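Here the structure is laid out as structure tokens; the discussion comes afterwards.
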Amino acid sequence: MIFAGGKILPDSERSAVLGRLEEDISQTLGGPPLAAETVLDALETLAAELDSGALDGLIARYAPPGAREELDRVRPQISRKTLEDRLSLELGGLGGPRPFGRAEVRPLGVLLHIAPGNMAGLPAFTAVEGLLTGNLNLVKLPHGDKGLTLAVFQKLTELEPRLAPWLYAFDVPSRDTASLKRLAALAGGIVTWGGDGAITAMRKLAPPGCKLIEWGHRLSFAYLSDWAGLDLSPLARHILRTGGLLCSSCQVIYLDTEYLAVGEKFCKDFLPVLERAAASRYQAPGQAAQGALYTREALLEQIVDRAASDDLVFAGRCCSLVLRRDMELELSHLHGNVLVKRLPRKDLLPVLGRQRGRLQTAGLLCPERLREELAALLARAGVNRITAPGRMSDAFLQEAHDGEYPLRRYVRVVDVENNF
């Protein structure tokens, strides 16, 4: 499906829409600029409908299971005050008087979003960031989007018809490079979410002079030091809630120790905690069966992938832990099946340094006396977010995104000289 002109259209209209897209974009950009207040008003009304339950039917119809819970978690991110604060924080000071005249903050013009599919609502949210900065937005829908983004766009433009010319969405397969090239040729910036393959592909498609804004896949982990007596249940709930699917999901539980025996004891102690989190997460019979299947698949993959290794496997009900002897940060199996590794703090910088540029969140669990020291060490290693383990995937108001402020990447500064 396609979204254009404030309407949801069939894929059969794609060629016609693409054929007139350059002219339509020129007409929109040649008219009045999109004011942030217009976007904020529309989002405030949309948020009120979300709060009232008026959008529950739409969410139930188009979003995956558990989407309502995730949307409730990120709801504060689209409050008017939060967005106004972001505009002030991220763009404040870029424009204003200069010795030569003035500096003006302007949008890049057209943003092509290669949208992510690992969290409900993200394709719409990345377009909202483009709207807030005054850009026209072309969104390539992810494979897993079942209509939620199109429905949100339609609702938003019904609430504020002036947004219609600034929003487009295309269900274009990644293999359709011809259509993607046509879209990329119209963009002043390409916002790419995804792994190395997606980013490499868009670098090839991007025309010279097009700004590449990459939000690539990141790796996150928990780091535990002197954890005896500390509550491990928030970490267990995080592992089950996110399923390892997010950039902020815990992929490896690192233990600040040199001794394998300490790792074994941790796994034996933590496995019952993880099992309780799994039981809470998979309450219905069908869910429990699915959780057991996930664990069975993970254990079979462990046997196939590392048959010659000496990993220690701790299998539980609907979850598992694998204690590995190396220290490298890597992806775990999904859905409650997690890797555990030793990483004494003396080795933290060289080990994590091998993943510099890919690190995102560290969930730090330690006594308060060690918190500042370990947080500083993790930051030096290249980590961009340091949180409590249970809040690794929570969105914090006014936080940066992978170490940068997104809105600042979607604009440019125009210097205007006085008296010329």
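We did not get these values from a lab; they are worked out from the coordinates using the rules stated. Remember, predicted model here, so these are calculated numbers, not experimental data. Every residue, glycine among them, receives a Cβ derived from its backbone with ideal geometry; neighbour counts consider all protein chains shown.
Summarising the strand pairing of the chain, around 35 percent of its internal DSSP beta bridges are antiparallel.
Spatially, the stretch 307-343 and the stretch 79-154 are offset by 38 Å when compared through their Cα centroids.
Which residue, Tyr223, Tyr168, Tyr259, has the most motion in a Gaussian network model of the chain that connects Cα atoms within less than 10 Å? Result: Tyr259 has the largest fluctuation of those listed. Helix 368-381 and the longest principal axis of the Cα set of the chain meet at an angle near 60°.
Evaluated on the stretch 150-244, the Kirkwood hydrodynamic radius is 17.3 Å, with distances taken between all distinct Cα atoms.
Taking the number of Cβ atoms within 10 Å of each Cβ as an exposure proxy, the fewest-first ranking of Thr295, Thr82 is Thr82, Thr295. Largest mean-square fluctuation among Ala187, Ala16, Ala47, in a Gaussian network model of the chain whose springs join Cα atoms under 10 Å apart, belongs to Ala16. Translational diffusion coefficient of the stretch 1-116 (Stokes-Einstein, Kirkwood radius from Cα pairs, 20 °C, 1.002 mPa s): 120 µm²/s.
Loop-located GluC sites (Glu not before Pro) in the stretch 222-313 (DSSP state other than H, G, I, E, B) with a sparse environment of at most 13 neighbouring Cβ atoms within 10 Å: Glu258.
Quick one: helix 260-281 against the long Cα principal axis of the chain, what's the angle to the nearest 10°, folded into 0 to 90? For helix 260-281, the angle is close to 60 degrees. Full extension of the segment from Ala178 to Val416, taken as 0.36 nm per residue of separation minus the current Cα-Cα distance, would add 81.9 nm. With neighbours defined as other Cβ atoms within 10 Å of a residue's Cβ, the residues Val414, Val340, Val191, Val110 order from fewest to most as Val414, Val340, Val110, Val191. R0 = 51 Å: FRET efficiency of Leu230 with Phe100, Cβ-based, nearest 0.05? Result of the calculation: an efficiency of 0.35. Using the Kirkwood radius over C-alpha pairs as Rh, can you work out the diffusion coefficient of the stretch 219-391 via Stokes-Einstein at 37 °C, viscosity 0.692 mPa s, in µm² per second? Stokes-Einstein gives a translational diffusion coefficient of 205 µm²/s. Stretched out straight at 0.36 nm per residue, the stretch from Glu44 to Leu334 would grow longer than its current Cα-Cα span by 100.8 nm. Take the Cβ atoms of Arg325 and Arg203, set R0 to 41 Å, and the FRET efficiency comes out at 0.65. Per the Debye formula on identical point scatterers at the alpha carbon atoms of the stretch 98-144, with no solvent, log10 I(q)/I(0) at q = 0.17, 0.18, 0.29 Å⁻¹ is -0.53, -0.57, -1.01. Per-residue Cβ neighbour counts within 10 Å put Ile114, Ile303, Ile78 in the sequence Ile303, Ile78, Ile114, beginning with the fewest. The tail of the calculated P(r) for the chain, taken as Cα-Cα distances beyond 28 Å, holds 54 percent of the pairs. The Rg/Rh ratio of the stretch 111-199, with both radii computed over alpha carbons and Rh defined as the Kirkwood radius, is 0.94. The ellipsoid that matches the Cα gyration tensor of the stretch 219-268 has semi-axes, each √(5λ) in whole angstrom, of 21, 12, 9, with the longest given first.
For the stretch 359-420, the list of GluC sites (Glu not before Pro) that fall in a loop by DSSP and count at most 16 other C-beta atoms within 10 angstrom reads Glu399. Using the Stokes-Einstein relation with a Kirkwood hydrodynamic radius computed over Cα pairs, the translational diffusion coefficient of the stretch 353-420 at 20 °C and a viscosity of 1.002 mPa s comes to 148 µm²/s.
Here the sum of -39500 (n - 2.57) over DSSP H runs of 4 or more residues, divided by the residues of the chain, equals -13500 deg cm²/dmol at 222 nm, to the nearest 500.
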